[in-house]
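The values are calculated or read from the model by the stated rules, or taken from the named source; none is laboratory data. Since this is a predicted model, take the numbers as computed values, not measurements. No Cβ is skipped: glycine too gets one built from the backbone with ideal geometry, and neighbour counts run over all protein chains shown.
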Amino acid sequence: MKILGIETSCDETSIAIIENGKKILSNIISTQIDIHKEYGGVVPEIASRYHIKNIAAVLDESLEEAKLSLDDIDAIAVTYAPGLIGALLVGIGFAKSLSYTLKKPLIPVHHIKAHIYSNFLEHNITLPAISLVVSGGHTNIVYIDESHNFTNLGGTIDDAVGEAYDKIARVLGLGYPGGPIIDKMYYNGDENFLKITEPKLTGEYDFSFSGVKTFIINYVNRAKMRGENFSNDDVAASFQNNIVNILVKKTIKAALEKNVSSIIIAGGVAANSLLRKRLSIEGKKYNLNVFFPSIKLCTDNAAMIGVAAYYKYEKFGENTYADLTLNGIASLSIEQD
């Protein structure tokens with residue numbers, strides 16, 4: 001079964017073709033990072049316009065790389081939530097047009113589920129499992145049972161982890177996106193330079209990074225006002241050390257309490273080297289298998305949409321309906337998909 005996946009939830013226009021939920025025949029990604037660097041973050045209206053401009057060309061390139069035509073495609077899959085509304089609507093409209101014209105099934109895909117399923121392209125994963133989803137817009141701990149039912153155990157109550165990285169990078173004048181820059185700086189700094197108190201939360205699997213962000217911002221502003229010198233490397237290392245420790249501790253705790261043997265890491269921040277190192281070390285302590293996607297599959301891409309659609313189609317057949325109107329995509333929990 002060949003599924004054509006479409007991803008336009010944020011600032012990547014991507015189209016991929018996946019065969020039988022495992023083989024990537026093509027995975028073309030047109031990124032807008034250089035465009036949004038000027039603004040220090042993604043501007044939704046600009047992102048939508050570039051999706052419209054690029055999506056047809058990305059489709060042509062994806063088909064060419066796979067050496068297929070649209071007639072060879074068995075189903076169309078598309079991200080329908082969550083994400084930037086305007087950006088999502090570009091992909092949804094394009095997917096609906098293809099589905100209608102080609103008379104092929106349309107499979108709506110939840111973006112967070114797709115990030116998790118990106119691991120299934122490269123690893124043989126035993127369910128049930130715990131997944132840590134970490135990206136610019138999301139921070140969640142998700143439980144997946146043997147039947148591929150998803151339950152969100154907790155998430156951020158304010159900033160997503162990737163968003164926190166970008167804001168700290170902006171304060172330190174490091175540029176955008178902040179995650180890769182701070183990750184590199186960590187190895188030149190002192191992770192114990194700043195003592196940052198871990199936020200106390202009611203939900204044991206919830207996250208809050210707003211306080212950590214505010215602590216760093218206040219420190220930097222006070223130091224500048226007093227004319228005190230400080231090392232950006234030390235501040236970045238202290239920030240990353242605190243964030244990674246929180247993520248690792250809660251993920252391991254969830255895996256042990258749910259009695260699973262597999263931990264799946266997903267999302268753009270899954271590329272973070274310290275997170276990969278510490279989770280792998282802690283996983284071995286408790287005989288847990290920890291899976292990471294390759295770096296290319298960490299960020300938004302359509303291959304993850306195709307594999308998620310494959311498992312959804314296997315489970316529900318053509319009864320994969322979702323509300324693809326504006327109201328339907330405005331907000332959606334992972335359990336509702």
Specify which of the listed residues (SER69, SER14, SER9, SER30) is over 27 Å from VAL171 (Cβ atoms) and surrounded by 22 or more Cβ atoms within 10 Å (Cβ to Cβ).
SER14
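Just checking, which of SER48, SER97 is of a type in the set (Ser, Thr, Tyr), touching a residue at least 12 places away in the same chain (Cβ under 8 Å) and outside any strand (DSSP E or B)?
That would be SER48, the only listed residue that is of a type in the set (Ser, Thr, Tyr), touching a residue at least 12 places away in the same chain (Cβ under 8 Å) and outside any strand (DSSP E or B).
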Pairs under 7 Å by beta carbon, first residue in contact (Cβ under 8 Å) with a residue 60 or more places away in the chain and on the phi > 0 side of the Ramachandran plot in the range 171-196, partner buried (at least 18 other Cβ atoms within 10 Å of the Cβ) and not β-branched (Val, Ile, Thr), six or more apart or different chains?
GLY175/ALA169
When the residues of the range 118-164 are filtered to those that are touching a Lys or Arg at 6+ places or on another chain (Cβ under 9 Å) and among the hydroxyl-bearing types (Ser, Thr, Tyr), which remaining residue is modelled with the lowest pLDDT?
SER147
Considering only residues that are under 16 Å from the mean Cα position of the chain (by Cα), in a strand (DSSP E or B) and not small (Gly, Ala, Ser), which ones fall in the range 1-32?
ILE6, GLU7, GLU12, THR13, ILE29, THR31
All positions within the range 158-201 that are closer than 20 Å to GLY268 by Cβ and either part of a loop (DSSP other than H, G, I, E, B) or not assigned by TED's automatic domain parsing to the domain that holds ASN218 (or both):
ASP158, ASP159, ALA160, LEU172, LEU174, GLY175, TYR176, PRO177, TYR187
Name the single residue, out of those in the range 33-43 being outside any loop (DSSP other than H, G, I, E, B) and touching an Asp or Glu at 6+ places or on another chain (Cβ under 9 Å), that is surrounded by the fewest Cβ atoms within 10 Å (Cβ to Cβ).
ILE33
Please go through the range 1-41 and pick out each residue that is touching a residue at least 60 places away in the same chain (Cβ under 8 Å) and of a type in the set (A, V, I, L, M).
MET1, ILE3, LEU4, ILE6, ILE15, ALA16, ILE17, ILE18, ILE24, ILE28, ILE29, ILE33
Is there any pair linking a residue in the range 276-289 that is assigned to a loop (DSSP other than H, G, I, E, B) to one that is aromatic (Phe, Trp, Tyr), with Cβ under 6 Å and at least six apart or on different chains, and which?
none
